[in-house]
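One structure is given below, encoded as structure tokens.
Values in this text are rule-based calculations from the coordinates and carry no lab data. Keep in mind that this is a model prediction, so the values were computed, not measured. Counting neighbours? That spans all protein chains shown, and the Cβs are built from the backbone with ideal geometry, glycine included.
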Amino acid sequence: MYNLDFLNLKGKLSDRGPFGENEDKTIIFSIGNSNEAHGYALPRDIDARQAIYVAVNASNKAGARYIAHIPYSTDRVGDIAKFWSPNYLPFEKWLEKITEFMKMHITLLENYHLEFDKIVIVNFHGGNIFPRKAIKKVQETIKGYKIKAFGPFDFDFNLVDQDKVNYWLIEQGVKPGHADTTEHSIAAVIGLVDYQKLKIMNDLISKDLNTALKRWPAIGGLGGFLEFGGPEFDPLREPKIGLVDCFKKFKEDKKILIFKELGQLILNGIIDSVAKVCK
């Protein structure tokens with residue numbers, strides 16, 4: 001009788017492929033906003049698509065395992081976000097929902113005997129915030145794992161070309177905000193800009209800015225809300241939010257610009273930063 005033990009490959013696969021034993025030691029979730037106004041040229045779920053793009057590319061670079069997209073969003077400015085983000089959830093409810101979602105997937109993976117020790121969350125919606133108290137609450141429910149969250153610009157600046165960063169943010173004066181030049185530039189790299197609709201939008205911006213802001217109030221850093229909104233929209237005007245500077249730059253440019261080099265710089269920086277943590 002022949003010995004067929006060589007056909008049983010259990011326990012013999014850990015050293016294979018480009019990642020070896022490091023494969024799947026980290027799992028990645030993405031999160032964004034799946035229903036949010038971004039003007040005329042971007043999909044309403046652009047945040048989600050960008051987060052998924054970064055999460056998948058980082059997982060392939062580091063050997064991590066991308067698990068799922070978390071379909072909930074909040075906003076650091078509170079309930080007024082319902083005006084441009086119809087599925088907005090208050091922070092505590094949002095935190096409860098995302099923790100339940102992650103816990104469900106993690107339990108399934110544990111039952112499948114997939115061994116991992118780190119969890120990374122890639123977020124591309126500026127309204128979703130992960131302060132220490134949020135991570136601590138997630139950690140209390142999902143025990144035994146190191147958890148790291150990346151916001152839209154939480155990347156390691158040592159991994160990007162500093163001269164290029166200075167060029168765009170200082171020399172060119174780009175001011176990242178919402179539905180602005182930066183977000184359209186990132187979307188353009190992924191192939192998610194409708195250029196015909198962008199032209200229609202830019203033509204109206206240059207011709208009649210106020211009409212454009214009333215038609216698409218989310219553009220230029222939620223510019224329509226800043227320009228026409230009453231005191232209830234004052235949270236958007238807080239300096240730490242950064243939208244006032246973004247709107248000012250938008251009015252100077254009198255259009256939404258596309259800088260693919262800037263978009264690629266940001267995407268590469270985030271992908272490399274996430275991959276570094278996953279290894």
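Considering the convex hull of the alpha carbon atoms of segment 104-174, report its projected area averaged over all viewing directions, in nm², one decimal. Each step should come with its number before you reach the end.
Values: hull surface 26.8 nm².
Averaging across all directions leaves 6.7 nm² for the Cα convex hull.
Per-residue packing, averaged as other Cβ atoms within 10 Å, sorts the ranges 180-189, 116-125 into the order 180-189, 116-125, beginning with the highest. Only lysine pairs 8 or more places apart, or on different chains, with alpha-carbon atoms under 21 angstrom apart are counted in segment 141-250, and they number 17. Taking E100, E36, E171 in turn, the Gaussian network model of the chain (Cα-Cα springs below 10 Å) assigns the largest fluctuation to E171.
Under 8 Å for C-alpha pairs, at least 6 residues apart: give me the relative contact order for the chain, rounded to a whole percent. Kindly include the intermediate steps, with their values, before the conclusion.
Details: 455 pairs, mean separation 65.8, N = 279.
Normalised by residue count, the contact order of the chain is 24 percent.
Kirkwood's formula applied to the C-alpha pairs of segment 129-279 gives a hydrodynamic radius of 17.2 angstrom. Once backbone amide H atoms are built at 1.01 Å from N, H178 has G221, L222 as its partners under 5 Å, excluding neighbours fewer than 5 places away on the same chain. Along its principal axes, segment 137-202 has C-alpha extents of 50, 30, 18 angstrom, given from the largest down.
Test of understanding: express the Cα radius of gyration of segment 1-53 as a ratio to 2.2 N^0.38 Å, with N the residue count.
Details: Rg = 21.7 Å, N = 53, 2.2 N^0.38 = 9.9 Å.
Cα-based Rg divided by the globular estimate yields 2.18.
Note on the chain: with charges restricted to the Cβ of Lys and Arg (+1) and Asp and Glu (-1), its dipole about the Cα centre is near 160 debye. Over the residues of the chain, the helix contribution to mean residue ellipticity at 222 nm works out to -14000 deg cm²/dmol, using -39500 (n - 2.57) for each DSSP H run of at least 4. Working note: Debye formula, equal point scatterers on the alpha-carbon atoms of segment 7-90, no solvent; log10 I(q)/I(0) at q = 0.17, 0.22, 0.23 Å⁻¹ is -0.75, -0.99, -1.04.
Taking the Cα centre as origin and putting +1 on Lys and Arg beta-carbons and -1 on Asp and Glu beta-carbons, what dipole magnitude results for segment 234-279, to the nearest 20 debye?
Result for segment 234-279 is approximately 60 debye, rounded to the nearest 20.
With q set to 0.08, 0.15 Å⁻¹, the log10 of I(q)/I(0) for the chain, from the Debye formula over equal scatterers at the Cα positions, is -0.38, -1.13. Relative to the globular-protein estimate of 2.2 N^0.38 Å, the Cα radius of gyration of segment 60-106 stands at 1.43.
Derived scalar couplings between HN and Hα for segment 68-76 equal 6, 9, 7, x, 10, 9, 10, 7, 5 Hz in order, rounded to whole Hz, by the Karplus curve 6.51 cos²θ - 1.76 cosθ + 1.60 (θ = phi - 60°), x for Gly and Pro.
Each peptide among 13-20, 233-240 gets the average number of other Cβ atoms lying within 10 Å of its residues, and from highest to lowest they stand as 233-240, 13-20. Taking the square roots of 5 times each eigenvalue of the Cα gyration tensor of segment 1-151, largest first, gives ellipsoid semi-axes of 36, 17, 12 Å. With a simple spin-label model that places each label point 7 Å from the Cα along the Cα-to-Cβ direction, the separation between L13 and D245 comes to 4.9 nm.
Could you sort 107-114, 28-35 so that the peptide with the highest average Cβ count within 10 Å comes first and the rest follow in order? Present the calculation step by step, with values, prior to reporting the outcome.
On the way: 107-114: 10.6, 28-35: 24.6.
Most protected by this proxy first, the peptides run 28-35, 107-114.
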